[in-house]
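None of the figures in this text is laboratory data; all of them are computed from the coordinates on show. Note that the structure is predicted; figures quoted are calculated from it, not measured. Heads up, the Cβs are rebuilt from the backbone with ideal geometry, glycines too, and the neighbour counts pull from every protein chain shown.
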Ligand code: FO1
């Protein structure tokens with residue numbers, strides 16, 4: 001069986017632990033298509049938070065408390081940059097993490113595309129599945145905000161980390177998406193998958209930027225396999241992160257039904273055949289979609305693998 005997962009953020013990384021465990025038991029082949037909208041160029045380095053969260057999490061090197069960056073991290077370079085008064089002071093790169101960005105940036109500068117660089121970085125971390133960026137092209141999520149400096153677009157990380165998503169926001173823009181192409185392998189993987197899973201990632205800033213790459217949404221809508229999504233919202237609140245604030249920006253109710261409705265039924269030009277919601281949201285309905293209620297808390301790998309099994313079997 002072939003499984004493709006569209007994923008981003010820490011929720012996506014943790015979900016992939018369960019997908020990999022499910023694949024180990026069943027012999028399934030997994031491709032993860034990962035969001036790059038959070039990526040940024042900082043101090044001359046290309047930083048890919050979602051690809052790194054997935055790589056470190058699956059490779060056993062992620063910090064379990066923060067969810068991002070490396071475990072047992074040190075912050076010497078951050079301290080030195082602060083001593084020079086270098087901005088942004090609100091976004092910190094750890095020393096170990098910087099090594100990843102140095103390797104990535106060196107390879108990108110030498111002309112390798114991000115998908116090849118990601119494959120090279122993954123040889124160290126052995127994630128146990130194929131890891132693909134949604135695109136090799138520049139695609140950055142920006143938030144259009146209004147404050148005392150007027151209305152302007154700021155990078156997603158400034159919105160998320162510096163402002164903690166607490167700044168009047170009109171909309172999100174996926175800069176570069178129009179001209180971006182799916183990374184090599186993405187469309188083939190979706191087109192030959194038995195099941196496409198939408199991870200319980202933030203639908204607005206993790207999954208939407210993947211789908212904004214021309215060709216990817218269309219490939220999922222037309223996929224010969226089945227498509228199952230897993231709700232990132234339980235009992236009206238995000239499992240982690242700030243999906244509630246992101247959903248408010250686009251005017252979608254923060255509920256399992258709200259996000260299911262945002263993705264929509266494949267039968268009606270949307271994405272979903274099946275929508276998994278938590279048992280506490282058992283009454284949620286999405287027109288045209290087979291809604292199943294199961295335990296959705298990713299408390300450990302076994303529980304997450306059980307969620308994945310439920311999603312795959314339902315699909
Ligand atoms: N999140 C923070 O809250 N503060 C940081 O200083 C920060 C630095 C950082 C560096 C590298 C990296 O890969 C992720 C980092 N994150 C940080 C997490 C990141 O902002 C977001 O959680 C993700 O982009 C959302 O998925």
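Over the chain, what relative contact order in percent results from Cα pairs under 8 Å that are six or more residues apart?
19
Taking the Cα atoms only, what angle lies between the long axis of helix 301-314 and the longest principal axis of the chain, rounded to 10 degrees?
Helix 301-314 sits roughly 50 degrees off the main axis of the chain.
With both partners inside the chain, how many of the DSSP beta bridges are antiparallel, as a percent to the nearest 5?
That works out to approximately 40 percent antiparallel.
Take the eigenvalues of the Cα gyration tensor for the stretch 112-244, scale each by 5, and report the square roots as semi-axes in whole Å, largest first.
28, 19, 16
Per 0.36 nm of contour for each residue apart, how much would the distance between residue 237 and residue 41 grow if the chain were fully extended, relative to their Cα-Cα spacing?
So the chain would gain 67.4 nm between residue 237 and residue 41.
Roughly how many Å is it from the Cα centre of the stretch 230-262 to that of the stretch 160-184, as a whole number?
When both Cα centres are located, 17 Å separates them.
Which angle between 0 and 90 degrees, to the nearest 10, do you get for helix 95-109 versus the longest principal axis of the chain when only C-alpha atoms count?
90
Compute the angle between helix 9-26 and the longest alpha-carbon principal axis of the chain, please, reported from 0 to 90 degrees and rounded to the nearest 10.
It works out to around 50 degrees.
Take the alpha-carbon centre of the stretch 46-94, take the same for the stretch 1-44, and report the distance between them in whole Å.
19
Across 10 Å bins from the origin, how do the percents of Cα pairs in the chain run, short distances first?
With 10 Å bins starting at 0, P(r) equals 6, 28, 37, 23, 6, 1.
Which order do peptides 94-106, 3-15, 227-239, 140-152 fall in by mean Cβ count within 10 Å, highest first?
3-15, 227-239, 94-106, 140-152
Would you calculate, for the chain, the mean residue ellipticity at 222 nm contributed by helices, counting each DSSP H stretch of 4 or more residues as -39,500 (n - 2.57) and dividing by all residues, to the nearest 500?
-10000 deg cm²/dmol
How high is the FRET efficiency from residue 217 to residue 84, r the C-beta distance, R0 51 Å, rounded to 0.05?
Rounded to the nearest 0.05, the efficiency is 0.70.
Can you sort 159, 90, 68 by how many other beta carbons sit within 10 Å, fewest first?
So the residues, fewest neighbours to most, are 90, 68, 159.
Return a whole-number percent for the relative contact order of the stretch 211-315, with Cα pairs under 8 Å and 6 or more residues apart as the contact set.
For the stretch 211-315, the relative contact order is 25 percent.
Relative to the compact-globule scaling 2.2 N^0.38 Å, provide the ratio for the alpha-carbon radius of gyration of the stretch 1-155.
Ratio of Cα Rg to 2.2 N^0.38 Å: 1.11.
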